[in-house]
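Participant: Quick one: the structure is below, and I'll ask about it shortly.
The values are calculated or read from the model by the stated rules, or taken from the named source; none is laboratory data. This one's a predicted model, so the numbers in the text were calculated from it and none came from an experiment. For neighbour counting, all protein chains shown are included, and Cβ atoms are generated from backbone atoms with ideal geometry for every residue, glycine included.
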Amino acid sequence: MSEKLALVTGASRGIGKACALELAKAGYDIIVNYAGNAEAAEKTVQEIKALGVDAAAYKFDVSNKEEVDKSIAEIIEKYGRIDVLVNNAGITRDGLFMRMSEENWNAVINTNLSSAFFVSQPVVKIMMKQRSGAIVNMASVVGVSGNAGQANYSAAKAGLIGLTKTLAKELGSRGIRVNAVAPGFINTDMTKDLDTSKFTEFIPLKRLGEPEDIAKVVKFLAVDADYVTGQVLEVDGGLII
Ligand code: NAP
């Protein structure tokens, strides 16, 4: 076991998986959280182990406080510390505001925003004891700019940005840094059904992002950026300049 541990939520696929691999390259052992896709999570674990660090998959629903509390207690019992937390797990349930069901509102708010409250609280407790730690929250450019058809998702991501800045102020004196990344359009399962060709026209860098584009910035904020806290870094090819 190395001495540093990172917990990445929603790390079985997409951006979370890329973050897990990038942190593994930086020497962190990795906890790969996932919701249901055990095969993908196990594949991520094997890819991480091939980089020479340890990894384990933990299935828990980040929107369920009881499941979160139980799993994080198990992780802390086993590993004794958590140095980096990436609150990445997220979903979309898009639809115009006037037709949005309460169910779709709650699903997105709970999975994308309340999850960060549930997961961060027990993690911050151990980070406070360590007097060190870094949290990176996965926001979105739509949390900054808004987006028609994504009232639930934009509100959740804007909420994450508020949480990021507040925790940065509350936890800085304890040696804990809290930042957020706001991705634009990234090639993952989440965007695979969108006709993204029409978006590239509006992106100064003329391409969609790849999960690795986000992961490099997450690793920078989590590992390298010792004097950076409370920041939201847009990683969007210039989409919302
Ligand atoms: P993705 O490919 O759909 O992957 C989602 C990941 O989250 C999977 O690992 C999934 O686990 C996990 N997950 C979903 N619900 C969960 C729950 N309740 N508990 C635990 N894990 C859960 O998504 P992505 O595109 O990589 O997005 C990752 C993050 O980036 C999200 O927060 C998203 O909002 C944000 N983001 C994405 C984009 C984009 O263009 N893709 C842009 C801006 C922000 P399973 O594999 O087990 O289902």
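Participant: Within segment 1-40, track down each residue that is of a type in the set (Gly, Ala, Ser) and buried (at least 24 other Cβ atoms within 10 Å of the Cβ).
Facilitator: Ala6, Gly10, Ala11, Ser12, Gly16, Ala18, Ala20, Ala24
Participant: Can I ask one more? Look at segment 141-196 and say how many of its residues are within 17 Å of the chain's Cα centre (by Cα), assigned to a strand (DSSP E or B) and not hydrophobic (A, V, I, L, M, F, W, C).
Facilitator: 3
Participant: Keeping to segment 199-241, report how many residues are surrounded by fewer than 20 Cβ atoms within 10 Å (Cβ to Cβ) and among the small types (Gly, Ala, Ser).
Facilitator: 3
Participant: Given the conditions (1) part of a helix (DSSP H, G or I); (2) in contact with a Leu (Cβ under 7 Å, 6 or more places away or on another chain), report the number of the one that Met128 does not fulfil.
Facilitator: Here Met128 clears every test but (2).
Participant: Right, another one. How do the pairs read when you match residues in segment 15-35 that are closer than 22 Å to Lys192 by Cα and within 13 Å of the ligand (Cβ to nearest atom) with residues anywhere that are modelled with pLDDT under 95 and in a helix (DSSP H, G or I), using Cβ under 7 Å and keeping only pairs 6 or more apart or on different chains?
Facilitator: Listed pairs, sorted by first residue: none to list.
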